[in-house]
Each structure stands twice: as structure tokens, then as C-alpha cells.
Amino acid sequence: MIRYSELKPGSGIYLFKTCASFFGRPLMWTCFLAVDNYIIDTGNARCGQGRLIKILESILPGKPVILNTHLHEDHCGNNSIIQEKLGADIFVPEEKNFSDVTLIYRLFWGRPDSFNCELIREKTYITSSGKKIRAIRTPGHTPEHTSFLIEPEMILFTGDASPLASRKVYLMPEENYIEEIRTLEKIRSMLGQCNMVIDGHYGIIGDPAGHLDTRISNMKQTVDMVRSTWAENPGNYRKVAFMALGKPNFYDPFLQPRISTRNTINSIITGTAGQRS
Ligand SMILES: [Fe+2]
């Protein structure tokens, strides 16, 4: 499924939402932007790619350039088809193959086909109408996760750097919980200069300051709880997860090993990414 709309008529900035569907019901939406000839992230592959290409052909003023916040499959799933059909150049913050996209995620989002890309080296990219897109390092969700600030509109696209204001119980191996908190604080400090914050799943955030404050506070509480329960129960992942992160969910085995509470505990205890315990 694909939804899209221009943020303001004539602005040249379009907000896209893509998702796979199950019996006509949308699964989890992923958001991305088209800014003149630039595309920031490309959504998930299982969205109806033929229609997506037609839409992009009708709105893009020239050969596209893709900038990715990170290379998780739900944010770069259409890189390959856009490059193949529209000749896009692609710039990414870090390289990655997609061998870790397990069956459940392939069913959910699809696994991206390979594409040619270069690393993001510029601080600023200039679109066909002269807008500036500033690349801002927002590590934590992945080691080089990057957000983008569109000027002069001052729209900040944060990809997966500031998702739901929950305690964030599960982590992927490449995530660094402590760095995620630092990045949330960095984004919080930028809000004074932003007119809009757009998240890679939830779209336009209505109250970014409240959202980020809640998120930062919840994650810091989680750090404290994990550290104190780990000090009392060193090495006991099961007990620490139960006491600090809550009851296990029935679907946990389907998410593992890619997403797990063990990664969360490892990352908090070691201060590094989840896999480096
Ligand atoms: Fe992600």
C-alpha cells in the first residue's frame, strides 16, 4: 500500500507512507520523503512497486538522488527498483548486506534487492530547486544512523532515531541503547530550530518536545532498572529481563535472535551495541 501527499501545495516536499498488507489490512507503515529530486529513504519493498515508480515519475523534477537514514529493510526496500527504473544515485551512511533479514521480516517488509551506492560524505546536499538537505549524525539505532534537516523549511526527518515514546524493550544487535539516548537528547536540543519533525514510522510528530522528553525519561529509567537488577542478579538475563523490562511476550521467539531483550541488557550493561557482550 502507498499513501502520499504534498506537505504544502507547491512545496515540492511529499510525505510517503508504504506498507505491506494482510487481507487488505495495512501492516506497519514506513515513511519517507521526496524533496524536489531527492528521496530520503524509500520505504519497504512489499508495497506495490509498479505504482510507486509511476507516482515518483509524475512528481520528481529530474533524475532522483536517494539519501538513506540507515539500511534496515523497511527504509531502503525500494532503493533498487528506483535505481533500476529511474537511474537514481544512492548515498548511504553505512554499508550493509541483507543476509540478516530473516523469514518473518521478509514476509512483513520484503528483503531489499542489491543496489549500487556510495557513502554519505557531504554535510549538505542541494536539491534541484536549491533547498538544502543537511546530514546530521544520529547514531544509536545503527552505528551511523543519519537524520536530515531540510532548509529553509526546517523539517527534520529522523528515520528510526526517535520512534515511539515507550521504554523500548527490544534491541537489535547493532543498536546501542546508551547512544540512542544521547541522540534523542541531541534531537531535543535541535527542536528550537525545527518547524516540523517527521519520524520514519509515525510520520509528523505532533508534540516533538513532549514525545522526546517522555522517551528520554523512559529509557533512562530502563537503564537504571537494568543496571540495578543486573547488579543483584549478574548474568541472569531471564530474571533481569523479567524484572527490568517486563513479562516476555508470546511472540518473542519469532523476533529472536535479531530482536531481543538480551541485546537490550547487553547494550545497557556494556554501553556498546547489543551483540558485543
Ligand atoms: Fe530501523
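The values are calculated or read from the model by the stated rules, or taken from the named source; none is laboratory data. Every value quoted in this text rests on a predicted model; they were computed, and no experiment measured them. Note that each Cβ is placed from the backbone with ideal geometry, even for glycine, and that neighbours are counted across all protein chains shown. Note: accessible area is taken over every heavy atom of the protein model, side chains too, but ligands, DNA and RNA are not part of it. Shrake-Rupley method; radii C 1.70, N 1.55, O 1.52, S 1.80 Å.
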Next item on the list: Just give me the residues in the range 162-172 being away from the ligand (no atom under 13 Å from the Cβ) and either modelled with pLDDT of 95 or more or not β-branched (Val, Ile, Thr) (or both), in sequence order.
Entry: Ala165, Ser166, Arg167
Margin query: I'd like the residue in the range 1-26 that is under 18 Å from Pro64 (Cβ atoms) and without any contact (Cβ under 8 Å) to a residue 60 or more places away in the chain and, out of all such residues, is nearest to the chain's Cα centre (by Cα).
Written below: Phe16
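Which residues, counting only those in the range 34-45, are over 17 Å from Lys63 (Cβ atoms) and modelled with pLDDT of 95 or more? Full working, then the answer.
Going residue by residue through the range 34-45, those that are over 17 Å from Lys63 (Cβ atoms) are 41, 43-45.
Once the filter is applied, which keeps residues that are over 17 Å from Lys63 (Cβ atoms) and modelled with pLDDT of 95 or more, the range 34-45 yields Asp41, Gly43.
If I filter the range 153-168 for residues that are outside any loop (DSSP other than H, G, I, E, B), under 17 Å from the mean Cα position of the chain (by Cα), over 20 Å from Ile204 (Cβ atoms) and not small (Gly, Ala, Ser), do I get at least one hit? Spell out how you get there, then give the answer.
Step one: of the range 153-168, the residues outside any loop (DSSP other than H, G, I, E, B) are 155-157.
With under 17 Å from the mean Cα position of the chain (by Cα) added as a condition, the list becomes 155-157.
Those still in the list that are over 20 Å from Ile204 (Cβ atoms) too: none.
No, that holds for no residue.
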Next item on the list: Can you tell me which residue within the range 49-96, out of those that are surrounded by fewer than 16 Cβ atoms within 10 Å (Cβ to Cβ) and over 22 Å from Pro9 (Cα atoms), is nearest to the ligand (Cβ to nearest atom)?
Entry: Glu95
Notebook entry, point to check: Regarding Ile187, is this residue aliphatic (A, V, I, L, M), in contact (Cβ under 8 Å) with a residue 60 or more places away in the chain and either open to solvent by less than 70 Å² (accessible area, probe 1.4 Å) or assigned to a loop (DSSP other than H, G, I, E, B) (or both)?
Noted result: no
Margin query: I'd like the residue in the range 239-254 that is without any contact (Cβ under 8 Å) to a residue 60 or more places away in the chain and part of a loop (DSSP other than H, G, I, E, B) and, out of all such residues, is least open to solvent (accessible area, probe 1.4 Å).
Written below: Asn249
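Restricting to the range 97-115, and then to whatever is part of a loop (DSSP other than H, G, I, E, B) and either touching a Pro at 6+ places or on another chain (Cβ under 7 Å) or closer than 21 Å to Ile2 by Cα (or both), can you tell me which residue is nearest to the ligand (Cβ to nearest atom)?
First, pick out the residues of the range 97-115 that are part of a loop (DSSP other than H, G, I, E, B): 97-102, 109-115.
Pick out the ones that are also either touching a Pro at 6+ places or on another chain (Cβ under 7 Å) or closer than 21 Å to Ile2 by Cα (or both) and you get 98, 109-113.
Values: Phe98: 13, Trp109: 10, Gly110: 15, Arg111: 14, Pro112: 13, Asp113: 18 Å.
Out of the qualifying residues, it is Trp109.
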Notebook entry, point to check: Here is a list of conditions, (1) under 26 Å from Cys19 (Cβ atoms); (2) in contact (Cβ under 8 Å) with a residue 40 or more places away in the chain; (3) surrounded by fewer than 17 Cβ atoms within 10 Å (Cβ to Cβ), and Leu103 meets all of them except one; can you say which number that is?
Noted result: (2)
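Among residues belonging to the range 116-161 that are within 16 Å of the ligand (Cβ to nearest atom) and hydroxyl-bearing (Ser, Thr, Tyr), point out the one that is surrounded by the fewest Cβ atoms within 10 Å (Cβ to Cβ). Don't jump to the end; show me each part of the working.
Step one: list which residues in the range 116-161 are within 16 Å of the ligand (Cβ to nearest atom), which gives 137-148, 157-161.
From what's left, hydroxyl-bearing (Ser, Thr, Tyr): 138, 142, 146-147, 158.
Details: Thr138: 29, Thr142: 23, Thr146: 25, Ser147: 27, Thr158: 28.
Ranking the candidates gives Thr142 first.
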